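The values are calculated or read from the model by the stated rules, or taken from the named source; none is laboratory data. Treat the numbers as computed from the prediction; the structure is a model and nothing was measured. A quick note on method: Cβ atoms are made from the backbone with ideal geometry, for glycine too, and the neighbour counts reach across all protein chains shown.
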Amino acid sequence: MAKILVTGMSGTGKSTALKLLAARGHHAVDTDTDRWSHWVTLPDGSGDWVWREPAIDALLSGHDEGDLFVAGCKSNQGVFYPRFDQVVLLSAPAEVMLARISTRTDNPFGKRPEERAAILHDLATVEPLLRATCTAEIDARAPIEKVVQQLEDLARTAG
C-alpha cells in the first residue's frame, strides 16, 4: 500500500496519468481542484494556489487500502513529503509541455501569453527544486501508458 506523489510542471501529464491510474483501479487524486487547494495571499500581495493542508492530511491519514496516487505541484507540498513513499517528478522539455497545453481541452491554464511565460519561468526556477527533492523522475515524453506503468512499478517497490 504505497502513497505516491506525482508532481511536475503544467503539461507534463500529471492529470492524464492519474485518470489512467484511476481507470486501472487505483485510488488517484488530482489536487488541482477547490476541494484540495485554495488561493492564499502572500505577504507581497501576490496569490498562491496551495494545498488545503487539513484536507491533504485527512487524505493521507485516512488512506488504508491499495495504492494512492496524488498529483499536484504546490508550494506547500514539501510539508507532506515525509508521508509519501515516493515523490515522482514528471518532466518534459518546454516545447513538449507548451504543445500539450495548447491542445488540451480540460484545463484552460496556459492558453494566455502571460500564463505561458509563467510556465516557462516555473520550468526554470521550480522544476530544479522539485528535481532536487524527488525520489524518482520519469521522462514524460514517453507514451502515457509507459509513464503509468513506471508509476505502478514505483508503487509496487515502495509498498
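Some observations on this one:
- Test: residue in segment 45-54 that is assigned to a helix (DSSP H, G or I), more than 21 Å from G13 (Cα to Cα), at pLDDT 95 or above and under 15 Å from the mean Cα position of the chain (by Cα): no
- Index of the failed condition, H38 passing every other in (1) over 20 Å from C134 (Cα atoms); (2) without any contact (Cβ under 8 Å) to a residue 24 or more places away in the chain; (3) not in a strand (DSSP E or B): (3)
- Close pairs (6 angstrom Cβ cut-off, 6 or more residues apart or separate chains): under 15 Å from V6 (Cα atoms) in segment 123-138, assigned to a helix (DSSP H, G or I) anywhere: A136/L154; I138/V147; I138/Q150
- Members of segment 68-90 found to be under 12 Å from T31 (Cα atoms), out of contact with any His (no Cβ under 8 Å at 6 or more places or on another chain) and either among the hydroxyl-bearing types (S, T, Y) or in a strand (DSSP E or B) (or both), listed by number: V70, A71
Okay, residues lined up against (1) closer than 30 Å to A117 by Cβ; (2) of a type outside the set (D, E); (3) free of Cβ contacts under 8 Å to residues at least 24 places away in the same chain; (4) buried (at least 22 other Cβ atoms within 10 Å of the Cβ):
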residue: S15; (1), (2), (3), (4): yes, yes, no, no
residue: G25; (1), (2), (3), (4): no, yes, no, no
residue: G47; (1), (2), (3), (4): yes, yes, yes, no
residue: E53; (1), (2), (3), (4): yes, no, no, no
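- Complete set of residues in segment 142-156 that are loosely packed, with under 14 Cβ neighbours inside 10 Å and touching a residue at least 40 places away in the same chain (Cβ under 8 Å): I144, E145, R156
- Those residues of segment 16-35 which are of a type in the set (V, I, T) and in a helix (DSSP H, G or I), in sequence order: T16
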